Amino acid sequence: MKHTDYCVVGGGIVGLATAYQLLLKDPGASLVLLEAADTLASHQTGHNSGVIHSGIYYAPDSLKARFSKAGAQQTKEFCRDHGIPYQEPGKLLVATTELEFERLAALEERAAVHGLACERIDQAGLRRREPNVAGLGALFIPSTGIVDYTAVSRKLAGLVAAAGAQVITGARVSAIAEGPDRVEVGTAAERYSCGRLVVCAGLQSDRLAELAGLDIDVQIIPFRGEYFVLPAEKSGYVRHLIYPVPDPALPFLGVHLTPTVAGAVTVGPNAVLGLSREGYPKFSVNVRDVARYVRFPGLWRVARAHAATAVSEVRNSLFKGSYLKECQKYAPGLTTADLLPYAAGIRAQAVRRDGTMIHDFLLAETDRMIHVLNAPSPAATAALPIGEHLASKAVLDRAA
């Protein structure tokens, strides 16, 4: 058995940022990071749209709001310090109906509460900025950026390893046992004894919490987000990130156009119930995953509450023409030929047994463990302050 001060489970950006912050706060401590996949950042971190979010959507008293604004600044600083390319094209929230236009006022007020710069753009101004985008008006958020979060994760992993920690891939955790003084963590190849365990397991967070003996009221429901990419000749189709005005009654933001630091423009995502937590090709099925959530009452309560939206999302998934109509609400010049295949993502959505979808960060803690049960978007943006928050808890408890 190997002994270490800290063990972090999860090699996505949140787990890597947590390990990085732990070693900053406790220099010289021993740490091991365990990642089940053969590569780091291979799930949610490596399958998102690469947006550095401003935090405009989030309730002022939420952890998402607190971490997103700080995370946007820290992510940009981290990129500058380590030579990682990023851009700040800004985001346009485009209103295509009178109701959406009215909702811009509430978003403008939310931006003021968060201390975010924003600008109202009228229809003529929108046309000047984005000739290929149609709308009644928009709200411009200049601080929204884009980055490759896989590149950020690689740099974090390098810094963690350079500080003397072990970063081990292909190490799926199969046992967790908390004692009065240590936590034992087992994989197929090795057992570890650590003074403090932090689990940032994303799509498997509920299973690892249960493996550790926690009595939790949530389950991860996978939602598949399907993307397209515009052809190379349309790489300059939009200059800014183009987002719809969110409907506060719906759980997800909807389809948007996003320039990437690689020079492409992605379109998406939608949100359909996934049949596999880690199966990215279309129609991937994991019987164990499906059997787990069909027995979970929270899923059926969510389904009843959002039945019409679910039907629409499935239709958009099955029929490209239906998906295209969502895009044409604000980009009417796009055609089905413009929607080229692109890698899908899977969102880990925590849901309570009563059907409540958890939209904020959620932790479960014991004397020697911290489990991140829900880390929704903007988790990648907010990874550095989330990691600092988790590290502060771990170091304080270890020093007590």
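The values are calculated or read from the model by the stated rules, or taken from the named source; none is laboratory data. This is a predicted model, so every value here is computed, not measured. Cβ coordinates were reconstructed from backbone atoms using ideal geometry, including for glycine residues, and neighbour counts include every protein chain displayed. Heads up: the accessible areas ignore ligands, DNA and RNA and are worked out on the full protein's heavy atoms, side chains in. Shrake-Rupley method; radii C 1.70, N 1.55, O 1.52, S 1.80 Å.
Subtracting the Cα-Cα distance of residue 177 and residue 112 from their residue separation scaled by 0.36 nm leaves 18.7 nm. Within the chain, which whole H helices from DSSP have a Cα span along their axis of at least 20 Å and a mean Kyte-Doolittle hydropathy of -0.5 or more, if any? Membrane-span-like by this rule: 98-114, 383-399.
Amide hydrogen proximity for residue 346: with H placed 1.01 Å from N in the peptide plane, the residues at 5 or more positions away or on another chain lying under 5 Å are 225. Only helices enter the 222 nm calculation for the chain: every DSSP H run of n ≥ 4 contributes -39,500 (n - 2.57), and dividing by all residues gives -10500 deg cm²/dmol, rounded to 500. With the cut-off at 1.5 for a/c, could you classify the chain from its C-alpha gyration tensor as rounded, prolate or oblate? It comes out prolate by the Cα gyration axes.
So with the 1.4 Å probe, I'd like the accessible area per residue for the chain, rounded to whole Å². Display every interim value, and only then the final one.
Details: 16760 Å² over 400 residues.
It amounts to 42 Å² per residue over the chain.
Subtracting the Cα-Cα distance of residue 105 and residue 283 from their residue separation scaled by 0.36 nm leaves 60.0 nm.
Given +1 on the Cβ of Lys and Arg, -1 on the Cβ of Asp and Glu, and no further charges, what dipole in debye does segment 27-92 carry about its Cα centre, rounded to the nearest 20? Don't jump to the answer; show the numbers that get you there.
Values: 6 positive and 6 negative charges, 61 e Å.
With Lys and Arg at +1 and Asp and Glu at -1, about 300 debye.
Lys-Lys pairs in the chain that are eight or more residues apart or on separate chains and whose Cα atoms lie under 22 Å of each other come to 21. Distant-in-sequence amide contacts of residue 52, defined by a placed amide H-H separation under 5 Å and a gap of 5 or more residues or a different chain, comprise 145, 146, 147.
Dividing the radius of gyration of the alpha carbons in segment 254-400 by their Kirkwood radius gives 1.04 for Rg/Rh.
Under the simplified labelling scheme, the residue 25-residue 314 pair shows an inter-label distance of 4.5 nm, with each label point 7 Å from Cα along Cα→Cβ.
Largest accessible area first, the residues 64, 91, 69 order themselves as 69, 64, 91 under a 1.4 Å probe with ligands, DNA and RNA left out.
Couplings 3J(HN,Hα) of segment 360-366, computed from phi: 10, 5, 9, 10, 10, 10, 10 Hz, in residue order, whole Hz [Karplus 6.51 cos²θ - 1.76 cosθ + 1.60, θ = phi - 60°; x for Gly and Pro].
Subtracting the Cα-Cα distance of residue 261 and residue 295 from their residue separation scaled by 0.36 nm leaves 8.1 nm. Solvent-accessible area assigned to carbon and sulfur over segment 335-386 amounts to 53 percent, based on a 1.4 Å probe. List the residues whose amide H sits under 5 Å from the amide H of residue 256, counting only those 5 or more places along or on another chain, with H placed 1.01 Å from N in the peptide plane. HN-HN under 5 Å from residue 256: 268. Basic side chains Lys and Arg get +1 at the Cβ, acidic Asp and Glu get -1 at the Cβ, and with that the dipole of segment 275-399 about its Cα centre reaches some 500 debye. Heavy-atom accessible area for residue 108, with the other protein chains in place and a 1.4 Å probe, reaches approximately 60 Å². When the residues 357, 1, 369 are ordered by accessible surface, computed with a 1.4 Å probe over the protein chains alone, the sequence from largest down reads 1, 357, 369. If you take the square roots of the eigenvalues of the alpha-carbon gyration tensor of segment 47-134 and sort them as a ≥ b ≥ c, do you get rounded (a/c under 1.5), prolate (a/b over b/c) or oblate? Judged from the Cα gyration tensor, segment 47-134 comes out oblate (a/c at least 1.5, b/c at or above a/b).
Using θ = phi - 60° in the Karplus curve 6.51 cos²θ - 1.76 cosθ + 1.60, the 3J(HN,Hα) couplings for segment 199-215 round to 10, 10, 9, x, 5, 10, 5, 5, 5, 6, 5, 5, 4, 7, x, 7, 9 Hz; x is entered for Gly and Pro.
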